[in-house]
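I have placed the structure first, in the form of structure tokens, so that the comments after it can refer back to it.
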Amino acid sequence: MGEKLIENLKSLAVALILALIIRTFIVQSFHIPSGSMIPTLLIGDFILVDKVTYHFRPPERGDVVVFHFPLNESVYYIKRIVGVPGDRIQIKNGILYVNGKPCKYKYLGLYSYYENGQKHTGKLYYEFLPKKNGTVKKHYILKTGTQGDNTSVFIVPKGKYFMMGDNRNNSYDSRYWGFVDRSKIVGIARIIFFSWDSEKHMPRFNRFFKLIH
């Protein structure tokens with residue numbers, strides 16, 4: 001009986017060590033508590049963040065990343081990288097400019113969501129964000145007003161990144177609090193493994209194992 005207990009404790013210890021290694025170096029789960037990344041990520045999504053990729057390549061424009069919030073590093077934020085070191089970023093009349101060139105957009109129709117019991121409706125677009133290799137990253141953005149639609153030019157310093165939420169008029173991001181240091185980026189968001197709709201009190205089965213773009 002004693003030997004069996006010791007073996008079980010050894011197995012548990014190994015499992016805990018492996019789980020700690022995986023969480024620290026490979027992948028980590030996070031919960032989405034706010035609507036700043038709607039429609040890409042919804043309130044109640046549970047995601048897995050890849051902590052390995054950035055050991056092999058730098059963060060790029062278009063990546064959705066989790067990072068330590070610069071004004072309170074105990075808090076995690078998730079946004080999309082729109083500016084990398086050396087970039088000049090500006091928003092004019094709701095259009096994102098990267099190094100003086102406006103991004104292209106495609107209107108997709110109206111989009112509605114609920115947050116804290118209130119309904120919000122905006123215009124859904126594809127945004128075509130240029131990447132350094134000459135390609136573009138196509139992703140959704142949502143426009144629900146004009147807040148943050150006009151800024152000065154931000155020049156991204158070495159080792160820093162400029163973040164914005166896909167819910168453009170309802171995102172507290174680099175337009176308001178500045179840049180994110182490379183060392184504070186946890187990893188790149190890869191997949192939604194579970195999603196809970198708190199308005200309907202039920203899972204969103206169609207979002208299970210959905211890739212994050």
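When each of Y125, Y111 is scored by the number of other beta-carbon atoms lying within 10 Å, the sequence from fewest to most is Y111, Y125. The distance separating the Cα centre of region 190-206 from that of region 62-113 comes to 24 Å. Put in order of Cβ neighbour count within 10 Å, fewest first, the listed residues V136, V64, V180, V52 become V52, V136, V64, V180.
Over the C-alpha trace of the chain, radius of gyration and Dmax come out as 19.4, 73 angstrom. Legend: distances between Cα atoms for K137/K158; K119/K160; K160/K200; K79/K200; K79/K101; pairs beyond 30 Å are K119/K160; K160/K200. I192 sits among other residues whose Cβ lies under 11 Å from its own Cβ, and their net charge, with Lys and Arg +1 and Asp and Glu -1, is +3. Among L129, L41, L110, the residue with the largest mean-square fluctuation in a Gaussian network model of the chain, with springs joining Cα atoms closer than 10 Å, is L110.
Listed from fewest to most Cβ neighbours within 10 Å, the set S112, S171, S152 follows the order S152, S112, S171.
Coordinate-derived values only; no laboratory data. Everything numeric here is computed off the predicted structure, so don't read it as measured data. Note: ideal-geometry Cβ built from the backbone for every residue, glycine included; neighbour counts use all protein chains shown.
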